[in-house]
Each structure stands twice: as structure tokens, then as C-alpha cells.
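Single-structure report; data block below.
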Amino acid sequence: MEITAHELWTQVLEAARPGLPEQSFRTWLAGTAAIGLSDQVLEIETPSQFHVEWIEDKYGAVLTQILEHLSGRPMTLRFHAGQDDASPIPAVEVEPERAPAPPRSTPARPPPPSPSSMGLNDRYTFQRYVVGDNNELASAACHAVASNPGRTYNPLFLYGGVGLGKTHLMHAIGNEILERVPETRIAYLPCERFVNDLVTSIQEGTTAEFRRRYREIDLLLVDDVHFLEGKERTQEEFFHTFNALHDARKQIILTSDRPPKEIPGLEARLISRFEWGLVVDVKVPDFETRMAILRKKAADDDLVLDEDVIEYIARHCTDSVRELEGAVIKLLAYSSLTNQEISISMAESALRGVLGGRADRHRPISPDRIADEVAEEWGVTPEALASKRRSRDIMVPRQVAMYLIKEILDLPLVRIGQQFGGRDHSTVIHSIRKVEERMDQEDSFRSRVTRVRTRLDREV
Ligand code: ADP
Ligand code: MG
């Protein structure tokens, strides 16, 4: 007998459920229903347009994969908003702000916690934050905002890659302000939470309450606002919340994985709001900063890590602070499982999986990594490459590193020069030419360069 749409969808959900956080499953998928099935398409109804956007964005790929697996053929999932999603969000300006929430037919579940009671992580403080070249400006801006909220940069918009300390900085501002003025109403929330709250409030007809809660806040911290991408109705609501708080001179701090302009599908008026204050980036920490962060972690958490182990980790975990922390945790686990002291050789074997397997395969090639690989091939230290030293044993690998960075990453010459002892762009051009000439003339040299390159390529 043919399987029905309902049966098929139930199987898909059952297969997907164990892999998703229960809360997300309930919020986003539990209220869906299959409404049609053809050869290639399974049609699903969801409670709202938000659900459609959210599910497609977050779970679309995995659900489709499961569906195809179960049905054994290529298929498409198509999501629709249900019939009662007719309620457009009324413009905030015309709605009485304090209107009581409309009565609910079912006894309400406990209301979501008030944002002002949302906890800050008290470990994320300025004291625990290591400042380096990569985050100096961001950290200075955060200090400025913490000492003068609502008056200096509003909003403060921090952006940068994953695991570089944006969330930490954001909490640090909150913690600092809270310490000085304990009655400050602070809301920290991942952007996803804002979306969830809004969806719930629309479903339950409590949008007025939603707005009131968010507008009573003194300090609003919204993490990862790139989640607003393409979610028009959420953006609309966010826009009004933003304006209300900003007009009242309440401080807003936002983070994202990229600058406002580069968030696809972000409305122009939000981009312009986000750029009103200060937009500042957090970069990948350099070797020195990675060392400093590891030393600080060890000191803060009472860990005994030898300098050579710290250096080993710093040299190999180059992408983010999160990766550094992961390596330390892994080492601690390894040490307690095997009952051995942490040593450099343990670090090598414990981290081999992390560094040789998962990490490297997904690790984008960074200039630091290229320099590291070249240094290793030529048996010199990356520090020597980055120094001003001009002996031949250093100059050759330094030129190779410049050449490979240009070849693989196509970074600006000036930027490459900076990495290697502040050399100017004509030196970089000269270096690259040298390498090209020598590769043409000398097979052994060429295969050495190719070897490094293959190693880098293989690990991507
Ligand atoms: P992001 O929000 O940019 O993805 P997080 O703020 O979550 O990154 O940082 C990841 C981890 O790294 C956190 O545990 C944080 O405490 C730590 N961390 C990041 N940057 C620093 C730093 N400069 N000094 C100390 N710890 C840091
Ligand atoms: Mg974060």
C-alpha cells in the first residue's frame, strides 16, 4: 500500500528528532502537518510564515536528506504557512503599548522569562578577556560603552568569525554595568531567542506583552543578528524594538558573523540603524595572543600547563579561541583518562585527532597556517619568518610563504608584507618573483614548494 503524506512526514520527524534539541523540535516542528504528497514533493503546513522561514533555513537540508533516504528517491519538501497566519503585525506606533494581552482560550503556559531576568554568564568578564592586536579596537569600544552606556556608541556592532570572543565581550559589558548599577535591566539573548519569543507571542496573541517586555530594558544584547537574514517579519519587529530603545537612549549591542551590509536579505533601514553607532570587528588572534590566552586560561582555571605544551597548542590551533579551549579540554580529559601528566608528547597524540582530522579538514587555510607549514618544511620557526632577520636560511622560506599566501589566498601584497616583519609591497613582489624563477630552474625546490602546497590542500 502507498504510504500517505502523513505517515511519511511522521517517519521523517521521528528520524530527525533525536538529532535536534528537544526545545527546537517542539517549537518548530511539532506543530507541522503533511498536507500533500506527490512523486517528488512532500507538502507541509506550518503554523506561520516564521516557521516556514525558520524551518527552511535551519532544518530544510537535513529533513530533505532524511526524506530522500526514507523514500529512496530525490524529493523536495515544500513548506506553507497555515490558514490562521493572517495576523500581520500591527505597526507598533499605533498600538497602545501597555494594552493587556488578549485573553487566551487555553490556560496559558508559564510566560517566557522576562528578558530582564535573563542571566549573563559571569565568567565572561573583561578581567578574563585577553586583549591582543586582533581585538584591541573592539575591546576598547566595549570598555567605552560599559563606562558610558547609551551615550557613546549606540548601537555597538561587533562582528567576526565563530569563536573569536564576540559573545564574551558582549557579556563583559553587561557584567561590568551590572556591577556598577545593579538595578540595570539587562537582556542578553541569542537572536534566535528573539525570533522564538516573537513567534510564540504571535501564536498566543501576546505581541503587546512581547513588545512591552523588550522595551522595558536598559541594555539589550542581541547575539548573532545574522539570524535575521531573510526573516522579514522578525526584522520589522526588531526595527521597532530597536527604535524604541534607541530613542530612549538605552544601549544596544549586537554581534554578527559579518558587517551589517554583508548580511544578505537584511532590510536597508536595519542596515542603516546598525551602522549608526560603531561597527567594529574581532579578528583571529595571532600567535602571541594565542599564547597569552592559553596562559590566562591556565592561570584562571588552575591548570598546570608547561610552556612547551602551551606553545604546541598555540602553534597548531590557529583558527579561533574556541579551538584553543577545545584543545585544552581535550588534553585535560586525555590526561585524566590515561592517568598521565600533560606533556608535549601527550599533546601530540591527544590532539592528533583534533588537528589532523576534523579540524584541519574544515579549517580554512589562513596566512598563519601557510607560514607554519612552510616553517616546518624548512625547519625554521614561524617567528623567524615573521621577524626582520635577513639570513638566507630564513629568507628563502619567508619568500616561499609569501608566494604561497599570494597564490592560495590572494591577499593584498601590503597585508602579506605586514605579516613578515612589516616589509613593503615591493619586497613582497620581489620575493614572489624569486620563488617563481627558482621553481622554474630547480626541480628539487619546486617539489618542495609543491609538497607544502599539497599538504595544505589535502587538509582543507
Ligand atoms: P564568538 O561569540 O565570537 O563566537 P565567544 O565569545 O563565544 O566567541 O568565545 C569563544 C570562547 O573563547 C569563549 O569561551 C570565550 O571566553 C573565549 N575567548 C574568546 N576570546 C577570548 C579572549 N580574547 N580572551 C579570553 N578568552 C576568550
Ligand atoms: Mg557568539
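The values are calculated or read from the model by the stated rules, or taken from the named source; none is laboratory data. What you are looking at is a predicted structure, and each value in this text was computed from that prediction instead of being measured. Here the Cβ is made from the backbone with ideal geometry for all residues, glycine too, and neighbour counts use every protein chain on show. Note: areas computed on protein heavy atoms with side chains; ligands, DNA, RNA excluded. Shrake-Rupley method; radii C 1.70, N 1.55, O 1.52, S 1.80 Å.
Figures for the structure shown
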| item | result |
| --- | --- |
| Selection count, the stretch 264-285, where residues are of a type in the set (A, V, I, L, M), assigned to a loop (DSSP other than H, G, I, E, B) and within 16 Å of ligand 1 (Cβ to nearest atom) | 2 |
| Conditions (1) in contact (Cβ under 8 Å) with a residue 24 or more places away in the chain; (2) open to solvent by 10 Å² or more (accessible area, probe 1.4 Å); (3) assigned to a helix (DSSP H, G or I): number failed by Gly205 | (3) |
| Any hit, the stretch 163-175, residues being away from ligand 1 (no atom under 16 Å from the Cβ) and in contact with a helix residue (DSSP H, G or I) (Cβ under 9 Å, 6 or more places away or on another chain) | no |
| Residue in the stretch 184-200 that is least open to solvent (accessible area, probe 1.4 Å), counting only those that are within 16 Å of ligand 2 (Cβ to nearest atom) and free of Cβ contacts under 8 Å to residues at least 40 places away in the same chain | Cys191 |
| Test: residue in the stretch 195-203 that is modelled with pLDDT of 95 or more and closer than 28 Å to Gly31 by Cα | no |
| Residues located in the stretch 148-183, provided they are within 14 Å of ligand 2 (Cβ to nearest atom) and part of a loop (DSSP other than H, G, I, E, B) | Gly160, Gly161, Val162, Gly163, Leu164, Gly165 |
| Failed item in (1) open to solvent by 20 Å² or more (accessible area, probe 1.4 Å); (2) in contact with a strand residue (DSSP E or B) (Cβ under 9 Å, 6 or more places away or on another chain); (3) within 16 Å of ligand 1 (Cβ to nearest atom); (4) part of a helix (DSSP H, G or I), with Cys142 passing the rest | (1) |
| Hits in the stretch 5-29 - residues which are open to solvent by 60 Å² or more (accessible area, probe 1.4 Å) and farther than 15 Å from Thr64 by Cα | His6, Glu7, Pro18, Pro21, Glu22, Gln23, Arg26 |
| Which numbered condition Ile293 fails, given (1) farther than 23 Å from Pro382 by Cα; (2) open to solvent by less than 20 Å² (accessible area, probe 1.4 Å); (3) at pLDDT 90 or above | (1) |
| Asp306 more than 16 Å from ligand 2 (Cβ to nearest atom) and at pLDDT below 90 | no |
| Filter pass, Gln399 being surrounded by 20 or more Cβ atoms within 10 Å (Cβ to Cβ) and farther than 23 Å from His316 by Cβ | yes |
| Of the criteria (1) open to solvent by less than 50 Å² (accessible area, probe 1.4 Å); (2) aliphatic (A, V, I, L, M); (3) touching a strand residue (DSSP E or B) at 6+ places or on another chain (Cβ under 9 Å), which one Ala172 fails | (3) |
| Breaking point among (1) open to solvent by 60 Å² or more (accessible area, probe 1.4 Å); (2) within 16 Å of ligand 2 (Cβ to nearest atom); (3) part of a loop (DSSP other than H, G, I, E, B); (4) not β-branched (Val, Ile, Thr), for Gln340 | (2) |
| Residue match in the stretch 236-250 (condition: within 16 Å of ligand 1 (Cβ to nearest atom) and either open to solvent by 40 Å² or more (accessible area, probe 1.4 Å) or among the aromatic types (Phe, Trp, Tyr) (or both)) | no |
